[in-house]
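First the structure, in the form of structure tokens, and then the observations on it.
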Amino acid sequence: MNIPSKESRIKRLKLVGLNVLIPLTILFLVIYICFAYFGYVFFPVLKGSSGVGYVEPNIVNLPIVDTNIKVDNPDSKDIDPVPVKQPTKVTPKPASTSNWWEYPSKIYQTTKSGNDLLVLVNKKYRLPSTYAPSDLVLAEKSGIRVKAKGTYYVRKVLINDLKELNIQAKKDGVDISIISAYRSYSTQKSTYDYWVKYNNGCVSCADKISARAGHSQHQLGTAIDFGSKENGDVVGSSFDSTKAAKWLNDNGWKYGFVIGYPKGSESVTGYNYESWHYRYIGGSNAMKMVQSGIILEEYLKQ
Ligand SMILES: [Zn+2]
């Protein structure tokens, strides 16, 4: 039997070590490094365990964008309740835009006195049937043209501003008249009843155009319906396109008069756009309101 010598066994071991173990070790290291650096790319299921050199994309702070979410409709039942970080604040729209003319089921008495220039009178808050201003004077005292003399009363508190308004409008070549002003509780009642009858008993039809007794700003003596020769001093949408309507819209607030039912705000005010209906809230209040960019209804709710 040929027994290998000690030298030849060492030589063979060296050969095995050089030819097998070293390449195997190198191969193992290469595989390990490759796996450590790129393993998650090829085996994403392993994500979550720590990997050498693996940088997880910063996906948690990215805004979730779902094109199916209609952010302009906060009432939509389709919106997933999972909180979504919105890049900009979404202003909620009023609760109902469909039946804006309807009165709420619960109606309250106004929280401020009728004498307060900032009392909120709308479909939810009504003035007491007994309220009437104590300082009513004829509107023509201000020098403004009126449709019918001796007919329209306003509160004395606004006479000076109305006078200034009229002077400036005339200077600007604009004719402005008064075609309606103070309405007592009983007048409102008969006016509303007239509109219900006119619409063959249709209450919702009347609610779109006329206030129920106690709910009209005209009971305050600070609400005025303006007219103009331009449209024959009549109340209604023919006033919309007059120079007078534009002038009042641009300048009325400088004299304390602000539009009561602006265009596009039906769901907030509960009334159709009325280009002719203004309410006096005083010069400083009107300026604050205009500067804050909100409508009268919202300003009075503050
Ligand atoms: Zn009016």
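Among the residues in region 217-235, are any surrounded by fewer than 15 Cβ atoms within 10 Å (Cβ to Cβ), away from the ligand (no atom under 13 Å from the Cβ), part of a helix (DSSP H, G or I) and touching a residue at least 40 places away in the same chain (Cβ under 8 Å)?
Yes.
Do we have Ala139 as within 15 Å of the ligand (Cβ to nearest atom), of a type in the set (Gly, Ala, Ser) and surrounded by 15 or more Cβ atoms within 10 Å (Cβ to Cβ) here?
yes
Restricting attention to region 243-272, and to residues there that are free of Cβ contacts under 8 Å to residues at least 24 places away in the same chain and either crowded, with 21+ Cβ neighbours inside 10 Å or farther than 18 Å from Asn166 by Cα (or both), which single residue is farthest from the ligand (Cβ to nearest atom)?
Top of the filtered list is Gly264.
Could you please find all residues in region 273-302 being away from the ligand (no atom under 16 Å from the Cβ), in contact (Cβ under 8 Å) with a residue 12 or more places away in the chain and not in a helix (DSSP H, G or I)?
Passing the criteria: only Gly282.
Kindly list the number of the only condition in (1) surrounded by fewer than 16 Cβ atoms within 10 Å (Cβ to Cβ); (2) over 33 Å from the mean Cα position of the chain (by Cα) that fails for Asn115.
(2)
Being of a type in the set (Val, Ile, Thr) and either more than 30 Å from Lys243 (Cα to Cα) or more than 14 Å from the ligand (Cβ to nearest atom) (or both) is the filter here, so list the residues in region 177-213 that pass it.
If the condition is that a residue be of a type in the set (Val, Ile, Thr) and either more than 30 Å from Lys243 (Cα to Cα) or more than 14 Å from the ligand (Cβ to nearest atom) (or both), then Thr187, Val196, Val203 are the ones that fit.
Go through region 155-176 and count every residue that is surrounded by fewer than 19 Cβ atoms within 10 Å (Cβ to Cβ) and either of a type outside the set (Val, Ile, Thr) or within 16 Å of the ligand (Cβ to nearest atom) (or both).
Residues that pass the stated criteria total 10.
The numbers here are math on the coordinates, done by the rules we state, and not lab data. Keep in mind that this is a model prediction, so the values were computed, not measured. Because the Cβ atoms are built from the backbone with ideal geometry, glycine has one as well, and the counts that use them run over all protein chains shown.
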